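**Q** Shown below is the structure under consideration.
Bear in mind that the values in this text are calculations on the coordinates, not laboratory data. Everything quoted here is computed from the prediction, not taken from an experiment. Methodologically, a virtual Cβ is constructed for each residue, glycine included, from the backbone with ideal geometry; neighbour enumeration extends over all protein chains shown.
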Amino acid sequence: MTTASGLIAAHQPAWSEPDTLREVLHRLSGSPPLVDARDCADLVDELAAVARGEKVVLQAGDCAELFTDSAPDRVRAKAGQLHELGGRLRRTGRAPVVVGRLAGQYAKPRSYQVETGADGVEIPVYLGDAVNDLTATGEARRPDPRRLLAAYDHAARGLRTLAAGPATYTSHEALLLDYERALLRPDQVRGGVFASSAHSVWIGERTRDPGGAHVEFAAGITNPVGVKIGPDAAVADVVALVTRLLGNGTPGRLSLVVRMGVDRVGERLPPVVRALGEDAHRVVWLSDPMHGNTIRSARGLKTRVLGWMADEVERFCAVLRQHGAHPGGLHLEVTPDEVVECVDTDEDLGTGPDPHRYTSACDPRLNPDQAAALVDRFADVLAG
Ligand code: PEP
Ligand code: MN
C-alpha cells in the first residue's frame with residue numbers, strides 16, 4: 001500500500017469493502033482518545049529515568065491478544081502477572097516501569113500470506129483479531145474492516161479494567177496505519193499530535209524501513225516509541241532510525257528493542273552501539289530474547305528454548321555495559337496461563353512443546369515459571 005505521502009506502508013491488509021473501511025475510519029476519527037496525552041508524557045519521563053539507569057522496564061504480554069482477552073478477569077490476571085514480574089526487578093535497586101503488550105496488541109505482520117487449512121485447502125493466514133478471525137476457514141480469514149471498530153472497543157474495555165489496578169502502561173505494534181492515523185489526537189500537553197491508541201507503540205522488524213510509512217508515522221507522534229532491531233539490521237539503518245525518531249534528543253522518547261538471537265547478539269550489537277555514539281546513552285535499550293530464537297519443533301509447532309533466551313539477555317547486558325550504556329529492560333511474550341509453548345532446555349526440544357497446553361494465537365509465550373526464571377536471570381545480571 002502507498003500512503004498519501006507516497007511512502008510504502010508494508011504489511012497492510014487487503015481489506016474487503018473499501019466503503020465500509022472509509023465509514024469505520026470516519027467513526028474512529030470521531031471517537032474519544034483511548035489514552036491520555038498526560039500519561040504518555042509521564043511514560044517518556046519514566047523511560048528517561050531508564051535511559052539514565054535509574055529505572056528498569058518490564059514490557060510483556062501476548063504475541064497476539066484475542067478480543068476475548070479484554071474480559072476483566074483476563075486483564076486482571078495478565079496485569080497481575082506483569083506486576084509480579086516487575087516486582088522481581090526491585091532487588092536491582094531500580095524501580096520497575098510496567099508496560100503491557102496489552103489492550104490493543106491485535107494486529108500481526110506474518111512471514112507467509114497463506115497456510116493450509118483443515119481440509120487441505122490454502123487459506124489466508126491469521127493477521128490478528130483487528131483484521132480477521134483465528135478460525136481456520138477462508139471466510140473467517142477475510143480481512144474485515146468492521147474489526148477495527150471492535151479493536152477500539154476491546155482496547156477501551158481492557159483499559160477500563162487496568163485503570164482500577166496499579167499503574168500499567170499499554171503498548172502494541174503500530175502496524176495498521178489506517179487505524180493508528182484515525183486515532184491521532186492533538187497533544188494538549190506537549191503540542192503536536194499523539195497516538196491515542198496506547199501509551200507507547202513500536203515499529204516491528206518487518207516495517208522499520210527508515211524511508212517507509214511506519215517510521216514516518218512514528219516520527220510524527222509525541223508518544224514514546226520503540227523499534228525492533230534484528231540481526232540483519234544495517235548499522236546505517238539503525239543510525240538513520242535513531243536520527244529520525246529520537247527527535248530533539250529527548251531521552252525516553254525512543255527504545256531500541258534488540259531481538260538478534262542468542263548466537264548473533266554478541267557479534268551484531270557492538271557495531272550498532274558504537275555507531276550511535278552519544279545517542280547510545282539517550283535511547284532505552286530493551287532485550288527481546290523471544291523473536292531471534294524461534295524454531296519449529298519436530299511436530300511442527302513454533303517454540304523457543306528458555307536457556308537460549310536467558311543467554312541472549314545476558315549477552316545483551318554484557319555488550320551494553322562494555323560500551324558504558326545501560327541495559328534498560330526486557331520485552332517478552334508471556335501468559336499467566338499454565339501453557340507449555342516454550343521449552344526449558346535443549347533436551348526438551350525432543351519432546352517439544354505440549355500441543356494440549358499450547359493456546360497462543362501466534363508465537364510461543366513463556367508460562368509463569370519460565371517468565372519468572374528469565375526475569376530473575378536479568379535481575380541477577382543487573383544486581384551483580
Ligand atoms: C512481535 O513482537 O510479535 C513481532 C512480530 O516481533 P518482530 O517485529 O521483532 O519480529
Ligand atoms: Mn511475536
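**Q** Please work out, to two decimal places, the log10 of the ratio I(q)/I(0) at q = 0.18, 0.20, 0.33 Å⁻¹ from a Debye calculation in which every Cα of the stretch 99-146 carries one identical scatterer.
**A** Calculated log10 I(q)/I(0) at the listed q: -0.55, -0.65, -1.25.
**Q** If you don't mind, there's one more thing I want to ask. How long is the gain from ASP232 to ARG206 if the chain were fully straight, where each residue apart is worth 0.36 nm and the alpha carbon distance is subtracted?
**A** Answer, rounded to one decimal: 8.2 nm.
**Q** Would you compute, from DSSP H runs of 4+ residues alone, the mean residue ellipticity of the chain at 222 nm, taking -39500 (n - 2.57) per run and dividing by the full residue count, rounded to the nearest 500?
**A** When only DSSP H runs of four or more count, the value is -10500 deg cm²/dmol.
**Q** I've got another one for you. Provide MET1, MET290 in ascending order of the number of other Cβ atoms located within 10 Å of each residue's Cβ, fewest first.
**A** Fewest to most other Cβ atoms nearby, the residues stand as MET1, MET290.
**Q** Grab every C-alpha pair in the stretch 162-252, bin the distances at 5 angstrom width from 0 up to the longest one, and report whole percents.
**A** For the stretch 162-252, the pair-distance distribution reads 3, 13, 24, 24, 19, 10, 5, 2, 0.
**Q** While we're on this one: Debye calculation, C-alpha points only, no solvent: report log10 I(q)/I(0) for the stretch 1-123 at q = 0.13, 0.16, 0.21 Å⁻¹, in the same order as the q values.
**A** These q points yield log10 I(q)/I(0) values of -0.86, -1.11, -1.29.
**Q** If each Cα of the stretch 270-384 is one equal point scatterer, what is log10 of I(q)/I(0) from the Debye formula at q = 0.11, 0.14, 0.18 Å⁻¹?
**A** Log10 I(q)/I(0), no solvent term: -0.40, -0.60, -0.87.
**Q** For the chain, which cysteines have no second Cys with its Cβ under 4.7 Å from theirs?
**A** So far as the 4.7 Å Cβ criterion goes, CYS40, CYS317, CYS342 stand without a partner in the chain.
**Q** Another question about this same structure. For the stretch 1-75, what is the charge dipole size about the Cα centre, in debye to the nearest 20, if Lys and Arg each add +1 at the Cβ and Asp and Glu each add -1 at the Cβ?
**A** Roughly 220 debye for the stretch 1-75.
**Q** Ok, one more. How long are the three semi-axes of the equivalent ellipsoid of the stretch 78-127, in whole Å, if each is the root of 5 times an eigenvalue of the C-alpha gyration tensor, listed from largest down?
**A** For the stretch 78-127, the ellipsoid semi-axes come out as 39, 10, 10 Å.
**Q** Taking GluC sites (Glu not before Pro) as exposed when DSSP calls them loop (any state but H, G, I, E, B) and at most 16 other Cβ atoms lie within 10 Å, what is the longest stretch of the chain free of them, the sites themselves excluded?
**A** So the longest stretch without any such site is 140-337.
**Q** I've got another one for you. Could you tell me what a quarter of the Cα convex hull surface of the chain works out to, in nm² with one decimal place?
**A** 17.7
**Q** So, R0 is 22 Å and r is the distance between the beta-carbons of ALA318 and ASP346; what FRET efficiency does that work out to, to 0.05?
**A** So the FRET efficiency works out to roughly 0.55.
**Q** Charges only on Cβ, +1 for Lys and Arg, -1 for Asp and Glu: so what's the dipole of the chain about the Cα centre, in debye to the nearest 20?
**A** Dipole about the Cα centre, nearest 20: 920 debye.
**Q** Would you mind ranking LYS108, LYS78 so that the residue whose beta carbon has the fewest other beta carbons within 10 Å leads the list?
**A** LYS108, LYS78
**Q** Oh, and also: If you rank ASP73, ASP129, ASP337, ASP45 by fewest surrounding Cβ atoms within 10 Å, what's the result?
**A** Fewest-to-most Cβ neighbours within 10 Å comes out as ASP73, ASP45, ASP337, ASP129.
**Q** Loop-only chymotrypsin sites (Phe, Trp or Tyr not before Pro) in the stretch 95-139, please: DSSP not H, G, I, E or B, and at most 11 other Cβ atoms within 10 Å.
**A** TYR112
**Q** Here is a follow-up. Roughly what would the spin-label model give for VAL193 and GLU267, points 7 Å off Cα along C-beta, in nm?
**A** Taking the two extended label points, one gets 4.3 nm.
**Q** In terms of modelled amide H atoms, which long-range or inter-chain residues lie less than 5 Å from the amide H of GLY104?
**A** Those qualifying (amide H under 5 Å, at least 5 residues apart or on another chain) number zero.
**Q** Right, here's the next one. Provide, in order from the shortest bin, the percent of all Cα-Cα pairs of the stretch 206-268 in each 10 Å bin, continuing until the bin that contains the maximum pair distance.
**A** 22, 54, 22, 2
**Q** Also, quick follow-up: Based on the Kirkwood radius over alpha-carbon pairs, what value in µm²/s does the Stokes-Einstein equation return for the translational diffusion coefficient of the stretch 118-169 at 10 °C and 1.306 mPa s?
**A** 124
**Q** Could you derive backbone 3J(HN,Hα) for the stretch 189-206 from the dihedral phi with the Karplus parameters 6.51, -1.76 and 1.60 (θ = phi - 60°), listing whole Hz in sequence and x where the residue is Gly or Pro?
**A** With the stated coefficients, the stretch 189-206 comes to 8, 10, x, x, 10, 10, 7, 8, 7, 6, 5, 9, 10, 10, 9, x, 4, 7 Hz.
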